[in-house]
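Undergrad: To start, I am sharing the structure in question, which I have written as structure tokens.
The values are calculated or read from the model by the stated rules, or taken from the named source; none is laboratory data. Quantities reported herein were computed from a predicted structural model and do not represent experimental measurements. Cβ placement follows ideal geometry from the backbone for every residue including glycine, while neighbour counts extend to all protein chains displayed. What goes into the accessible areas is simple: the full protein's heavy atoms, side chains included, and nothing from ligands, DNA or RNA. Shrake-Rupley method; radii C 1.70, N 1.55, O 1.52, S 1.80 Å.
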Amino acid sequence: MVEPVLQIDNLVKAFGALRATDGVSIDLRPGEIHALIGPNGAGKSTLIHQICGTVRPDSGTIRFAGEDIGALNTAERAQKGLGRTFQVSSLAPEFSALRNVMLAVQAKQGSSFGFFRPVMRDRSLVDPAMAILERVGLADRARLPAAELSHGERRQLEIAMALALQSKAFLLDEPMAGMGPEGSKRLTGFLDALRREAPILLVEHDMDAVFALADRISVLVYGKVIATGTVDEIRSNPTVRTAYLGDHA
Amino acid sequence: MTIALALEQLLNGIQLGVMLFLMAAGLTLIFGVMGLINLAHGSLYMVGAFACAAVAAWTGSFWLGLIASLACAAAAGAIVELAVIRRLYDRDHLDQVLATFALILIFSEGTRWLFGDFPLYLDIPALLQGVVTLPGDASYPVYRLAIIAVGALIALGLYLLIGKTRLGMRIRAGESDREMIGALGVDIRTLYTLVFALGSALAGLAGALVGALQSVQVGMGEPVLILAFVVIVIGGIGSIKGALYGALLVGVTDTLGRFLLPQFLALFVDPSQAGMIGGAMASMLIYVVMAVILAVKPRGLFPPAHA
Amino acid sequence: MLTRENTVNLVLALLLLVAPLAANAFGQPFYVTLATRIAILALAALGLNLALGLGGLVSFGHAAFFGIGGYAAGILSSHALSYEPMIFGLPGTVQMPVIWIVAVIAAGLVALAIGAISLRTSGVYFIMITLAFAQMVYYFAISWPAYGGEDGLSILVRNQFPGLNTMKPLSFFLVCYVVLLAGIGLFALIRASRFGTALQAARQNETRVATVGIHPYRIRLTGFVISAMITALAGALYADLNRFVSPSMLSWHMSGELIVLIILGGTGRLFGPVAGAALYVAFEFALGGLTERWQFFLGLILLGVVLFARGGLLGLLAGKAKHG
Ligand SMILES: Nc1ncnc2c1ncn2[C@@H]1O[C@H](COP(=O)(O)OP(=O)(O)O)[C@@H](O)[C@H]1O
Ligand SMILES: [Mg+2]
């Protein structure tokens, strides 16, 4: 078996009495889309936060690209190649879409300590950023402040920023939310191709998208993974049907 | 150095700490409940001192002055809250800093207008004049001991108020959840005005009590305000308990530092040099203590749980 | 590109140059000194604006850097005049360029120490801690008698700039004006640069910056230090303007005033500090002529601006700020 890109073992995080992550073990293998589903409040976003370092786990280990990243902070994990999007989009609202992506491009290039050269005239930043905006279909919105983009466009911009980092793994927290059927369908096609660049841990409520994309699915309920398997295994799993899918199917 | 002298300095430190606690308790309560940083808290201290001095001069009674200081500072606080402060709760900290900085200018110049440029003086009441003898043959002013007692009583009172009463329950609810307290049907605006007036009254009381030890003048609140900031940063902003421990720590460290550092240095360099260097070092001591504490615990010694 | 904001900026820059030239021609050196005061305060606030406007770091302690700059000028020139060597046997100097370098380096080092601790916190903590550290410097200056303690230190003869007679008000104004323009140019460059992008992004959304792999702490600390250096340079000029430096330059009122200048002009705007300083000095001059209690009215005006006119003067003149 190939070594997983991301391996999480026995992760625990409690908020007071609430165990939002309760002994989660999960992995992400090269080339796959691993979907993480579960009802609201199951702890999906909290798990992503812990992988990226914005929330500290109480115990457990997170290995990424063969290395324990538990002691690293958010920026260091990003530099290692973890790219993420947020459930509630998180951008620099005053900056244009272009400059947001350029921020990611400059971070990837490794130097934010240039003081004199205007970024908007720096082809090595503008060109790659424009190309990525083109790719996610935001090129015509490039000059608009992020705050003025629609909800769906902000999600796309988040993905663009993750792309600009050329991440070794993508962690996407409900990228389809609020996109509308048209947008969801386009994004499904887009993610399908993206897995060739890097594996994706996909948190998503849109079951059509999940079933179309996922190589494996894990079901999270009350902070615990109750099942992991292929699409067919999960569909026919009786526990999952009662615990979660029942009200969707 | 004698034991008696050391004891006296220690008591002075505690007395300073108690005064700082009165200031810091209001500041930290206002921040904890309303999320507001109030630079004008020192102005309310000044208002209390002036009210006490003016009323005491007019009636001849320190005690009436003391009541006036509480009433005036609480009233000034309530008016300011109604007119200005409540517009700031939803603003960012920068706006709060600027608006309350503007209030300082208004209060300071307004007070000069009313009372002129010269300081007022406030006498210690006859009942509390004189000294008591402490173990080791030290003598210590009764008035300062009284201040310590008042501070202890108020700390106890605040503990009971916040821990045991309905108002305190609402304050605690307001700290942890503004929405919830609104949903409980508590009139949150009135609660905020009350909390602000309470904090102001404590500051006014501190000003009046200290007014009898120093002169009463414009700007007297500012050094105290900044020390109170140091106190609540050390204690954890929003925590009354932190304010108490922080205040005692700052009060005692500052006082003993000024007393001991020059003597300590005199062991190594000649006395005049030691006095100069020691004095300068002592004036920086509490800030160094603050820096060390923050380096270890960036949110202070007792950060409120919900922050 | 001549946007409305650029036009307003250009007019401000020209006014600040033409007014003292005219005043000088009509034999009114007092107004030249007023303009110099505007230029220097604008430079000080410009420095703070880098931290506050771009980085969102509400430093309530920039008086420390302003004062350090001032004391650098005072101390170096006093040693030069007394021929007493300083620490390590180094001589003093009356040459402004050397003084400026010393001021900027000294303030930069202090800012590095203060920032390293303060930037571990944020929000109200940051405000109070920067205030407290500035207060520490203030009390140190007061209790250290070697350089005048509470009484301050006089600069008997204004320090020199090669090729100019700085005792002439107009010459000294021109020095300050050119330094201000250079500062504005530097600010504009930094704002548009990679570093400026990261600094502004850290203000708008710290998590986002970390998520792309940039350490917000390092960016902010760098911004804080640069900001302090610019303010210190203004402090050195200010001491030379008054030919006097005292702990009042380090006081927390000074820190407050620097923030006020920015807000009066417009936060984060290139010419905000210039507009704010001009407005402030005009108030001080006009109101101060009417009443000794002018700060009372300044307080009222400031309260009005904060509560009702958040964009400051440039917000009124040039509309909302635009970003790339
Ligand atoms: N910072 C926090 N403090 C307290 N509780 C939290 C915090 N973040 C999340 N939670 C709680 O943890 C649980 C899991 O939340 P979340 O991870 O957002 O769920 P999901 O993304 O699966 O909907 C929820 O009950 C939520 O209220
Ligand atoms: Mg979620």
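Undergrad: Output yes when any residue across region C:143-159 is within 19 Å of the chain's Cα centre (by Cα) and among the polar types (S, T, N, Q), and no when none is.
TA: No, because not a single residue in region C:143-159 is within 19 Å of the chain's Cα centre (by Cα) and among the polar types (S, T, N, Q).
Undergrad: Within the group C:Val32, C:Val11, which residue is open to solvent by less than 10 Å² (accessible area, probe 1.4 Å) and over 28 Å from C:Ala228 (Cβ atoms)?
TA: C:Val32
Undergrad: Quick one: would you say A:Ala249 is modelled with pLDDT under 90, within 16 Å of ligand 1 (Cβ to nearest atom), open to solvent by 20 Å² or more (accessible area, probe 1.4 Å) and in a loop (DSSP other than H, G, I, E, B)?
TA: It is false that A:Ala249 is modelled with pLDDT under 90, within 16 Å of ligand 1 (Cβ to nearest atom), open to solvent by 20 Å² or more (accessible area, probe 1.4 Å) and in a loop (DSSP other than H, G, I, E, B).
Undergrad: Take C:Gly265 and tell me if it is out of contact with any Phe, Trp or Tyr (no Cβ under 6 Å at 6 or more places or on another chain), over 21 Å from C:Ile105 (Cα atoms), more than 10 Å from every other protein chain (Cβ to nearest Cβ) and crowded, with 22+ Cβ neighbours inside 10 Å.
TA: On the way: out of contact with any Phe, Trp or Tyr (no Cβ under 6 Å at 6 or more places or on another chain): yes; over 21 Å from C:Ile105 (Cα atoms): yes; more than 10 Å from every other protein chain (Cβ to nearest Cβ): yes; crowded, with 22+ Cβ neighbours inside 10 Å: yes.
Here the answer is yes, as C:Gly265 does meet what is asked.
Undergrad: Only one of C:Thr211, C:Thr231 is farther than 25 Å from A:Glu76 by Cα, polar (S, T, N, Q) and open to solvent by less than 10 Å² (accessible area, probe 1.4 Å). Can you tell me which?
TA: C:Thr231
Undergrad: Six or more apart or on different chains, Cβ under 6 Å: which pairs go from a residue in region C:129-140 that's closer than 13 Å to B:Leu285 by Cβ and facing another protein chain (nearest Cβ under 7 Å) to one that's open to solvent by less than 40 Å² (accessible area, probe 1.4 Å) and among the hydroxyl-bearing types (Ser, Thr, Tyr)? Could you list them?
TA: C:Ala132/B:Tyr287; C:Met136/B:Tyr287; C:Tyr139/B:Ser283
Undergrad: Confirm whether B:Ile232 is of a type outside the set (Ser, Thr, Tyr), within 11 Å of another protein chain (Cβ to nearest Cβ) and not in a helix (DSSP H, G or I).
TA: No, not satisfied.
Undergrad: Would you say B:Leu122 is surrounded by 16 or more Cβ atoms within 10 Å (Cβ to Cβ), of a type in the set (A, V, I, L, M, F, W, C), away from chain C (no Cβ under 14 Å) and part of a loop (DSSP other than H, G, I, E, B)?
TA: So B:Leu122 fits the description; yes.
Undergrad: Same structure, new question: Just checking, how many residues over region B:266-292 are within 23 Å of C:Tyr138 (Cβ to Cβ) and either open to solvent by 30 Å² or more (accessible area, probe 1.4 Å) or outside any helix (DSSP H, G or I) (or both)?
TA: Matching residues across region B:266-292 total 10.
Undergrad: Considering only residues that are open to solvent by 20 Å² or more (accessible area, probe 1.4 Å) and in a helix (DSSP H, G or I), look in region C:289-302 and name the one that is farthest from the other protein chains (Cβ to nearest Cβ).
TA: Out of the qualifying residues, it is C:Gly289.
Undergrad: Can you tell me which residue is nearest to A:Ala42 (Cα to Cα) among those in region A:162-189 that are among the small types (Gly, Ala, Ser) and within 16 Å of ligand 2 (Cβ to nearest atom)?
TA: Going residue by residue through region A:162-189, those that are among the small types (Gly, Ala, Ser) are A:162, A:164, A:167, A:169, A:177-178, A:180, A:183-184, A:189.
Okay, now just the ones that are also within 16 Å of ligand 2 (Cβ to nearest atom), so A:177-178.
Numbers: A:Ala177: 17, A:Gly178: 20 Å.
Checked region A:162-189; the qualifying residue nearest to A:Ala42 (Cα to Cα) is A:Ala177.
Undergrad: All but one of (1) free of Cβ contacts under 8 Å to residues at least 40 places away in the same chain; (2) in contact with a helix residue (DSSP H, G or I) (Cβ under 9 Å, 6 or more places away or on another chain) hold for A:Lys108; state the number of the condition that does not hold.
TA: Checking A:Lys108 against (1) free of Cβ contacts under 8 Å to residues at least 40 places away in the same chain; (2) in contact with a helix residue (DSSP H, G or I) (Cβ under 9 Å, 6 or more places away or on another chain), the one that fails is (1).
Undergrad: What number goes with the only condition from (1) open to solvent by 10 Å² or more (accessible area, probe 1.4 Å); (2) more than 9 Å from chain A (Cβ to nearest Cβ) that C:Arg218 does not pass?
TA: Result: C:Arg218 fails condition (2) only.
Undergrad: Which of the residues belonging to region A:46-72 are more than 15 Å from ligand 1 (Cβ to nearest atom) and not hydroxyl-bearing (Ser, Thr, Tyr)?
TA: Matches in region A:46-72: A:Gly60, A:Ile62, A:Arg63, A:Phe64, A:Ala65, A:Gly66, A:Glu67, A:Asp68, A:Ile69, A:Gly70, A:Ala71, A:Leu72.
Undergrad: Check whether at least one residue in region A:208-219 is of a type outside the set (Lys, Arg), in a strand (DSSP E or B) and open to solvent by 30 Å² or more (accessible area, probe 1.4 Å), and report yes or no. Write out each step before concluding.
TA: To start, the set of residues in region A:208-219 that are of a type outside the set (Lys, Arg) comprises A:208-215, A:217-219.
Now drop any that are not in a strand (DSSP E or B), which leaves A:217-219.
Applying the additional criterion that residues be open to solvent by 30 Å² or more (accessible area, probe 1.4 Å) yields none.
No, the conditions are met nowhere in region A:208-219.
Undergrad: Next question. Scan region B:295-307 for residues that are crowded, with 19+ Cβ neighbours inside 10 Å and touching a Lys or Arg at 6+ places or on another chain (Cβ under 7 Å) and report the count.
TA: Of the residues in region B:295-307, 1 are crowded, with 19+ Cβ neighbours inside 10 Å and touching a Lys or Arg at 6+ places or on another chain (Cβ under 7 Å).
Undergrad: Continuing with the same structure: Could you check, for region B:3-14, whether at least one of its residues is open to solvent by 20 Å² or more (accessible area, probe 1.4 Å) and more than 30 Å from B:Thr133 (Cα to Cα)?
TA: No - not one qualifying residue is present in region B:3-14.
Undergrad: Which one of B:Asp137, B:Asp92 is open to solvent by 10 Å² or more (accessible area, probe 1.4 Å) and under 25 Å from C:Thr267 (Cβ atoms)?
TA: B:Asp92
Undergrad: To continue, here is another question. Return the residue satisfying two criteria in turn: it lies in region A:1-25 and is among the polar types (S, T, N, Q) and closer than 19 Å to A:Ala243 by Cβ, and of such residues it is most open to solvent (accessible area, probe 1.4 Å). Give the steps one after another, and end with the answer.
TA: Kept after step one, since they are among the polar types (S, T, N, Q), are these residues of region A:1-25: A:7, A:10, A:21, A:25.
Right, trim to closer than 19 Å to A:Ala243 by Cβ and you get A:21, A:25.
Working: A:Thr21: 2, A:Ser25: 60 Å².
Here the answer is A:Ser25.
Undergrad: Separate question: Looking at A:Val88 and the list (1) surrounded by fewer than 21 Cβ atoms within 10 Å (Cβ to Cβ); (2) more than 14 Å from ligand 2 (Cβ to nearest atom), which single condition is not satisfied?
TA: Only one criterion in (1) surrounded by fewer than 21 Cβ atoms within 10 Å (Cβ to Cβ); (2) more than 14 Å from ligand 2 (Cβ to nearest atom) is unmet by A:Val88, namely (2).
Undergrad: I've got another one for you. State yes or no: is B:Leu98 part of a loop (DSSP other than H, G, I, E, B) and surrounded by 24 or more Cβ atoms within 10 Å (Cβ to Cβ)?
TA: no
Undergrad: Test of understanding: among C:Ala286, C:Ala236, which residue is open to solvent by 10 Å² or more (accessible area, probe 1.4 Å) and either part of a helix (DSSP H, G or I) or within 14 Å of chain A (Cβ to nearest Cβ) (or both)?
TA: Numbers: C:Ala236 fails: open to solvent by 10 Å² or more (accessible area, probe 1.4 Å).
None of the others qualify; the one that does is C:Ala286.
Undergrad: Tell me the residue from B:Val252, B:Val233, B:Val296 that is farther than 26 Å from B:Ile147 by Cβ and of a type in the set (A, V, I, L, M, F, W, C), please. Break it down into steps so the answer makes sense when it comes.
TA: Working: B:Val252 fails: farther than 26 Å from B:Ile147 by Cβ; B:Val233 fails: farther than 26 Å from B:Ile147 by Cβ.
B:Val296 is the lone residue from the list that is farther than 26 Å from B:Ile147 by Cβ and of a type in the set (A, V, I, L, M, F, W, C).
Undergrad: For region A:73-102, give me each residue that is within 11 Å of another protein chain (Cβ to nearest Cβ) and assigned to a loop (DSSP other than H, G, I, E, B).
TA: Answer for region A:73-102, where residues must be within 11 Å of another protein chain (Cβ to nearest Cβ) and assigned to a loop (DSSP other than H, G, I, E, B): A:Asn73, A:Gly81, A:Phe86, A:Val88, A:Ser89, A:Ser90, A:Leu91, A:Ala92, A:Pro93, A:Glu94, A:Phe95.
Undergrad: May I ask you to list pairs of residues, at least six apart or on different chains, whose Cβ atoms are under 7 Å apart, with the first in region C:110-128 being in contact (Cβ under 8 Å) with a residue 40 or more places away in the chain and at the interface with chain B (Cβ under 7 Å from one of its Cβ atoms) and the second being assigned to a helix (DSSP H, G or I) and not basic (Lys, Arg)?
TA: These pairs meet every condition: C:Arg120/B:Leu294; C:Ile127/B:His93; C:Ile127/B:Val97; C:Met128/B:Phe229; C:Met128/B:Val233.
Undergrad: For residues that are within 13 Å of ligand 1 (Cβ to nearest atom) and without any contact (Cβ under 8 Å) to a residue 40 or more places away in the chain, scanning just region A:26-45, find the one that is most open to solvent (accessible area, probe 1.4 Å).
TA: Once the filter is applied, the top-ranked residue is A:Asn40.
Matching residues to (1) more than 15 Å from ligand 1 (Cβ to nearest atom); (2) within 14 Å of another protein chain (Cβ to nearest Cβ):
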| site | (1), (2) |
| --- | --- |
| A:Leu171 | no, yes |
| A:Ser184 | yes, no |
| A:His205 | no, no |
| A:Val210 | no, no |
| A:Ala214 | yes, no |
| A:Ile217 | no, no |
| A:Gly223 | no, no |
| A:Ile226 | no, no |
